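Student: Below you'll find the structure I mean.
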Amino acid sequence: MGRNTRKRRTPLATKIVAGAAALAIGGGGLVWANFYASAHEDHGGHNRTRSAGAQVATIDCPDVGQKIRDVPDRARGEVDGELATMDSQITNAYQRLATTRRAQAGDSQFVQNTILGPLKDRRKAIIDRIQLEINRAGGKADDNLDELAGCQGRPADQQNGGGQNGGQDDGGQDDGQNGGGQDQEGNDDNGNGVAGPVAEDFVDINDVRPNSRDSRNGLAADGDGGSTGSFTTDCGVNENNLFNSDNLIAAPGVDNGAHHTHDYVGNQDNDAFSSDEDLANADTSCQNQGDKSTYYWPVLRLQDGTQEFDANDQGGGAEGNIGKILKPAEAQIRFVGSRQGDVVAMPKFLRVITGDAKSFTNGDANANSSWSCSGFEDRQVTDKYPLCPEGSQVLRTVNFQSCWDGQNIDSANHRDHMAFVQEDGSCANGFQAVPQLQIRLAYDIPAPTVENGQVRNPYAVDSFPEQLHKPITDHNDFINVMDENLMNEVVDCINRGEDCQ
């Protein structure tokens, strides 16, 4: 499969972690880790008490990027680079967690002294540099960012911010002793030697209550009133095999800024170094050649032992993303209007991230995941993968933010310039309604077997290593590169109440 090979900037921590990852995976991906947590762990200035011997599966660090506001334009690149380095530091710490299980079992202070403590020091150094870069560029950095330096260890059954189960029992995950399949050596995994998903991450679609999805994020903007038209763009299902683990929006100029592999349709010049000019001059997989927008999302994989092209690469197998990459059988991309009135044109090069790739540890404030099965689309679940009956496709659907601040094509945290519609479909705070991007991905996936607390041949979304392939981490990204004439056509079609393509 294809992969971009342009020379890249690689954070130091990513280079350091490569060797550790190679030791950890042994050809099969990352392993989970147990450690005896200290009775008291400091996280953001707050002591959280844990019993000795608590099982810990991952590392939870405050998301500094979501707390930064008002970064001057000339400091944006440097700040994004520093944040990408912090992501790599977390990956490095997680790898250390995964390869020192015996030492952890014998020393209750091992993780705090050799992993979390040093990680806090390294994160504080980065935060200090971010504050300096913002101030040098004429901004005013938040003096309290240092409080976000500390991280903590977390057990697998604890998700920040809850999450919506949608199942009949609402019980969430169990205590981690059997749902994750603990083997005789104390490793918790799904039987493939990789950190997630586990049996508790799956739910039979028949056990999901209809109309139970409970989230204000991702509400559909369209309805019976207002601008009722739609515009559908057919951009294929990545027949050109364009994959990489970059993130042009969140980590421009940084190799492997996503730490997981993305699936691209539309624009064909998508990597961390693509400029707006590159995007404007690129080819497109969209049938309408006026649409050079880039649409991308993390790949789904079937953990069946397949050695993909990235089996030994950062962002792929070296960071726990293993197995056969599954292409959608169908990728439906459409733009709809606002039930409150007309929409206005999106500015060219508008960037939108929806969902949160770190929502397992961040909590669900920015989460926007929705999983279902064809034929059961009134049953949507956010924090479980659906087990679909034979003949039914796995569905990933998303409604993007469609309220624009009227000025900016991006923001310091890549979110503040866009907002979700309110429950009545309106935009708050003086934001303007733009066409809402809705994406529906359908996959032909054999249902995994879940039995006796184990899952065999599971499918999973690619993720940051410490996010354990949780379904709530699903997310989508979009950069508008429609030419002006096509964007005007989209807006006119929607506002006239027509269905166009």
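Student: Can you list the strands (runs of 3 or more DSSP E) lying wholly within the stretch 399-495 that have 3 or more residues being not basic (K, R)?
Tutor: Fully inside the stretch 399-495 and qualifying: 436-443, 449-451, 459-461, 475-479.
Student: Please return the ranges of strands (runs of 3 or more DSSP E) entirely within the stretch 282-341 where 3 or more residues are in contact with a strand residue (DSSP E or B) (Cβ under 8 Å, 6 or more places away or on another chain) and at positive phi. So that I can check it myself, show each step before the final result.
Tutor: Working: elements: 294-298, 300-302, 324-326, 330-336.
Here the list is empty.
Student: Considering only the stretch 342-352, state which residues are surrounded by 21 or more Cβ atoms within 10 Å (Cβ to Cβ) and either among the β-branched types (V, I, T) or outside the structural domain of A280 (by the TED database) (or both).
Tutor: V343, V352
Student: So, of the residues in the stretch 55-104 that are in contact with a Phe, Trp or Tyr (Cβ under 6 Å, 6 or more places away or on another chain) and in a helix (DSSP H, G or I), which turns out to be surrounded by the fewest Cβ atoms within 10 Å (Cβ to Cβ)?
Tutor: Step one: list which residues in the stretch 55-104 are in contact with a Phe, Trp or Tyr (Cβ under 6 Å, 6 or more places away or on another chain), which gives 56-57, 59, 103-104.
From the residues that got through so far, the ones that are in a helix (DSSP H, G or I) too are 103-104.
Numbers: A103: 13, Q104: 22.
Only one residue fits best here, namely A103.
Student: Determine the pairs where a residue that is closer than 17 Å to G218 by Cα, located within the stretch 337-363, has a partner that is open to solvent by 20 Å² or more (accessible area, probe 1.4 Å) and hydroxyl-bearing (S, T, Y) with Cβ atoms under 7 Å apart, the partner being 6 or more residues away or on another chain.
Tutor: G337/T228; Q340/S426
Student: Go through (1) under 21 Å from D410 (Cβ atoms); (2) in contact with an Asp or Glu (Cβ under 8 Å, 6 or more places away or on another chain); (3) of a type outside the set (K, R); (4) surrounded by fewer than 22 Cβ atoms within 10 Å (Cβ to Cβ) one by one and return the number of the condition A428 breaks.
Tutor: Of (1) under 21 Å from D410 (Cβ atoms); (2) in contact with an Asp or Glu (Cβ under 8 Å, 6 or more places away or on another chain); (3) of a type outside the set (K, R); (4) surrounded by fewer than 22 Cβ atoms within 10 Å (Cβ to Cβ), only one is false for A428: (2).
Student: Evaluate the following for A412: is it out of contact with any strand residue (DSSP E or B) (no Cβ under 9 Å at 6 or more places or on another chain), open to solvent by 10 Å² or more (accessible area, probe 1.4 Å) and in contact (Cβ under 8 Å) with a residue 60 or more places away in the chain?
Tutor: Numbers: out of contact with any strand residue (DSSP E or B) (no Cβ under 9 Å at 6 or more places or on another chain): yes; open to solvent by 10 Å² or more (accessible area, probe 1.4 Å): yes; in contact (Cβ under 8 Å) with a residue 60 or more places away in the chain: yes.
Answer is yes for this residue.
Student: Give me the residue from the stretch 213-244 that is under 27 Å from Q314 (Cα atoms) and of a type outside the set (S, T, N, Q) and, out of that set, nearest to the chain's Cα centre (by Cα). First the steps, then the outcome.
Tutor: We begin by selecting, within the stretch 213-244, every residue under 27 Å from Q314 (Cα atoms); these are 236-244.
Adding the requirement that they be of a type outside the set (S, T, N, Q) leaves 236-237, 239, 242-243.
Numbers: G236: 22, V237: 19, E239: 23, L242: 18, F243: 16 Å.
Looking at residues that are under 27 Å from Q314 (Cα atoms) and of a type outside the set (S, T, N, Q), I get F243.
Student: Any residue at all in the stretch 370-378 that is without any contact (Cβ under 8 Å) to a residue 40 or more places away in the chain, among the charged types (D, E, K, R), open to solvent by 20 Å² or more (accessible area, probe 1.4 Å) and assigned by the TED database to the domain that holds H417?
Tutor: Initial filter on the stretch 370-378 (without any contact (Cβ under 8 Å) to a residue 40 or more places away in the chain): 375, 377.
Those still in the list that are among the charged types (D, E, K, R) too: 377.
The next check asks that each one be open to solvent by 20 Å² or more (accessible area, probe 1.4 Å); those that pass are 377.
After this cut, where a residue has to be assigned by the TED database to the domain that holds H417 as well, the list is 377.
There is at least one residue in the stretch 370-378 that is without any contact (Cβ under 8 Å) to a residue 40 or more places away in the chain, among the charged types (D, E, K, R), open to solvent by 20 Å² or more (accessible area, probe 1.4 Å) and assigned by the TED database to the domain that holds H417.
Student: Another question, if that's okay. Quick one: would you say R122 is outside the structural domain of E377 (by the TED database), basic (K, R) and at pLDDT 90 or above? Please lay out each step first, then the result.
Tutor: On the way: outside the structural domain of E377 (by the TED database): yes; basic (K, R): yes; at pLDDT 90 or above: yes.
So R122 fits the description; yes.
Student: Turning to a different aspect of this structure: Select, from G355, G290, the only residue that is assigned by the TED database to the domain that holds D222, open to solvent by less than 40 Å² (accessible area, probe 1.4 Å), within 29 Å of E489 (Cβ to Cβ) and out of contact with any helix residue (DSSP H, G or I) (no Cβ under 7 Å at 6 or more places or on another chain).
Tutor: On the way: G290 fails: out of contact with any helix residue (DSSP H, G or I) (no Cβ under 7 Å at 6 or more places or on another chain).
When all the criteria are applied, what remains is G355.
Student: Given E330, E319, which one is surrounded by fewer than 17 Cβ atoms within 10 Å (Cβ to Cβ), of a type in the set (D, E, K, R) and under 19 Å from H475 (Cα atoms)? Please lay out each step first, then the result.
Tutor: On the way: E319 fails: surrounded by fewer than 17 Cβ atoms within 10 Å (Cβ to Cβ).
Result: E330 is the single residue among E330, E319 that is surrounded by fewer than 17 Cβ atoms within 10 Å (Cβ to Cβ), of a type in the set (D, E, K, R) and under 19 Å from H475 (Cα atoms).
Student: For Q268, are the conditions met, namely being surrounded by fewer than 21 Cβ atoms within 10 Å (Cβ to Cβ) and either modelled with pLDDT of 95 or more or over 17 Å from the mean Cα position of the chain (by Cα) (or both)?
Tutor: On the way: surrounded by fewer than 21 Cβ atoms within 10 Å (Cβ to Cβ): yes; either modelled with pLDDT of 95 or more or over 17 Å from the mean Cα position of the chain (by Cα) (or both): yes.
Spelling it out, Q268 is indeed surrounded by fewer than 21 Cβ atoms within 10 Å (Cβ to Cβ) and either modelled with pLDDT of 95 or more or over 17 Å from the mean Cα position of the chain (by Cα) (or both).
Student: Is it the case that Y296 is crowded, with 19+ Cβ neighbours inside 10 Å and without any contact (Cβ under 8 Å) to a residue 40 or more places away in the chain?
Tutor: Against the criterion (crowded, with 19+ Cβ neighbours inside 10 Å and without any contact (Cβ under 8 Å) to a residue 40 or more places away in the chain), Y296 does not qualify.
Student: Scan the stretch 120-134 and report the pairs whose first residue is on the phi > 0 side of the Ramachandran plot and whose second residue is modelled with pLDDT of 95 or more and part of a helix (DSSP H, G or I), with Cβ atoms within less than 8 Å and a gap of 6+ or a chain change.
Tutor: Close Cβ pairs satisfying both conditions: none exist.
Student: Regarding the stretch 391-407, can at least one residue be identified that is aromatic (F, W, Y), open to solvent by 20 Å² or more (accessible area, probe 1.4 Å), over 23 Å from P197 (Cα atoms) and at pLDDT 95 or above? Quick ask: steps written out before the conclusion?
Tutor: From the stretch 391-407, those aromatic (F, W, Y) are 400, 404; that's our starting set.
Still in the running and open to solvent by 20 Å² or more (accessible area, probe 1.4 Å): 404.
Checking the rest, the ones that are also over 23 Å from P197 (Cα atoms) come to 404.
Subset that is at pLDDT 95 or above: 404.
The answer is yes, given that some residue of the stretch 391-407 is aromatic (F, W, Y), open to solvent by 20 Å² or more (accessible area, probe 1.4 Å), over 23 Å from P197 (Cα atoms) and at pLDDT 95 or above.
Student: Let me ask another. Which one of the conditions (1) touching a strand residue (DSSP E or B) at 6+ places or on another chain (Cβ under 6 Å); (2) modelled with pLDDT under 90 does C151 fail to meet, given that it meets all the rest?
Tutor: Failing condition for C151: (2).
The values are calculated or read from the model by the stated rules, or taken from the named source; none is laboratory data. Because the structure is predicted, anything quoted here is derived from the model rather than measured. Cβ atoms come from the backbone with ideal geometry, glycine included; neighbour counts cover every protein chain shown. Heads up: the accessible areas ignore ligands, DNA and RNA and are worked out on the full protein's heavy atoms, side chains in. Shrake-Rupley method; radii C 1.70, N 1.55, O 1.52, S 1.80 Å.
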